[in-house]
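Engineer: Sharing a structure below in structure tokens format, with a few things to ask.
The values are calculated or read from the model by the stated rules, or taken from the named source; none is laboratory data. Keep in mind the model is a prediction, meaning the values are calculated, not measured. Neighbour counts are summed over all protein chains in view; Cβ atoms, including those assigned to glycine, are modelled from backbone coordinates with ideal geometry. When the accessible area is computed, the model is the full protein with side chains, heavy atoms only, and any ligands, DNA or RNA have been set aside. Shrake-Rupley method; radii C 1.70, N 1.55, O 1.52, S 1.80 Å.
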Amino acid sequence: MKRQLTGLIALTAVGMAAIAGCSSERTDDAAAPSAATTGGSDATVCIEPGSVIGVALPQKTSENWVLAEDLFNTGLTDAGYEAIVQFANSGVTEQQNQIDSMVERGAKVIVVGAIDGSQLGSQLENAKASGATILAYDRLVKNTEAVDAYIAFDNYQVGVLQGTALLEGLAARKGDGPYNIELIAGSPDDANATPFFEGAMSVLQPKIDDGTLTVVSGQTTFEQVATQGWKAENAQKRMDTVLAGSYAGDVKLDGILSPNDTLARAALTAVEQAGKDVPVITGQDSEVESVKSIMEGVQYSTIYKDTRELVAQTIASIDALASCGDIPINDTEQYDNGVKIVPAFLLTPKIVTQDNAADTYAEDPTLGPVVAEYAG
Ligand code: GAL
């Protein structure tokens, strides 16, 4: 996914200035903020209260998707809509059929958490032709005009936070450099996996270039380090091979860039089975088992993308259409889906380590109590 990137972005969850100055390459110089951009997409649609709303979710590859299912069902029903919320556990074909069925059942809005954002074009064009509004949720839908808005956490910033955390963790836990590291990326069919990796490498590549970091296996491209389907067994198997091939004897592995918590725990299992010391390892999604691992000093960091915020913002977009208003947007420059710049509402991801977990999760009904267990 080509991403039209602007200068340094400072976004909050309430939507503030998106900085002008679109360029084909991400530039790090902070452009002067333009006037606040909180306009909506060019939606001219008005939906009836009680409309049918389709929510096509991918697969339960991490806890945030399971939570999203519950939040959409309760949130949409409480708001008076007729909700059709479905996972496509058996893959892309099932998701394509589910979207077609949502159209047949009269869905006025279809929220899409794509398994593969590049394989839904004809289904979404059909949905648009039926008069539905299409909202891409968390993952961008690619290569089609038939998407009205994108609602997600800033995925490139997720990667920047992960790369930064890895460097901070190495300095905190592994003494002075240079350090040996390995890289893991997400599933190649997930539009998010690329900005996660690109964001992290924007921080790590300069340190590889100057010799602070060495990827001993030599596997540094997205294609080499991607994990099909976000499957833990695929990440563990690859780490087993890398450890056997590049870390024989007392060659140390100081750090691992992991794009989410599930793969971080899989990589830690491989490292433990290889008899190596625990590396500094990143993650994402604030999964319960990983938050416990962080509090126990094992996993170094995760990312908090509060699913309650993301679902609430999506339902707010649907409510805007129900009152014949614009979908709230705070970015009209960054997300090029291959045929158009998709207007977006980007939420702010947060890095979490042992030091700030209690504060970060204080209001989270699940994670607050988990962290409280480690207090005192
Ligand atoms: C991504 C999502 C991450 C994580 C991952 C694994 O698209 O943004 O938060 O859930 O999928 O499924």
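Engineer: Rounded to the nearest 0.05, what FRET efficiency do ASP100 and GLU223 give with R0 = 45 Å and r taken as the Cβ-Cβ distance? Could you check?
Structural biologist: Here the calculated transfer efficiency is 0.90.
Engineer: Classify the chain as rounded, prolate or oblate, taking a ≥ b ≥ c as the square roots of the eigenvalues of its Cα gyration tensor: rounded when a/c is under 1.5, otherwise prolate if a/b is larger than b/c and oblate if not.
Structural biologist: In terms of gyration-tensor shape, prolate.
Engineer: Relative contact order for the chain using alpha-carbon pairs under 8 Å, separation at least 6, rounded to a whole percent?
Structural biologist: 21 percent
Engineer: Want the number for ASP240 to GLU289: 0.36 nm per residue separation, take away the alpha-carbon distance, what's left?
Structural biologist: 15.5 nm
Engineer: Of PHE222, PHE196, which has the most accessible area with a 1.4 Å probe, and how do the rest follow in descending order?
Structural biologist: PHE222, PHE196
Engineer: Please list the non-local residues whose amide H lies under 5 Å from the amide H of TYR179, H modeled 1.01 Å from N, same-chain partners needing a gap of 5 or more.
Structural biologist: LEU213, THR214
Engineer: Pull up the cross-link candidates among the lysines for LYS142, meaning alpha carbon to alpha carbon under 25 Å and not fewer than 8 places away within one chain.
Structural biologist: Here the lysines satisfying the reach criterion relative to LYS142 are LYS2, LYS60, LYS108, LYS128, LYS231, LYS305, LYS340.
Engineer: While we're on this one: Ignoring ligands, DNA and RNA, what accessible area per residue does the chain give at 1.4 Å, in Å²?
Structural biologist: Normalised by residue count, the accessible surface of the chain is 39 Å².
Engineer: Which value in nm describes the separation of the simple spin-label points at LYS174 and SER130, placed 7 Å from the Cα toward the beta carbon?
Structural biologist: For the pair LYS174/SER130, the computed spacing is 5.1 nm.
Engineer: Could you compute the FRET efficiency for ASP250 and ALA375, with r as their C-beta to C-beta distance and R0 at 41 Å, rounded to 0.05? It would help to have the intermediate numbers written out before the result.
Structural biologist: Details: r = 38 Å, r/R0 = 0.92.
For ASP250 and ALA375, the calculated efficiency is 0.60.
Engineer: Which GluC sites (Glu not before Pro) does segment 243-319 hold that lie in a coil by DSSP with at most 10 other beta carbons within 10 Å?
Structural biologist: Counting only loop positions with at most 10 other Cβ atoms within 10 Å, the GluC sites (Glu not before Pro) in segment 243-319 are GLU296.
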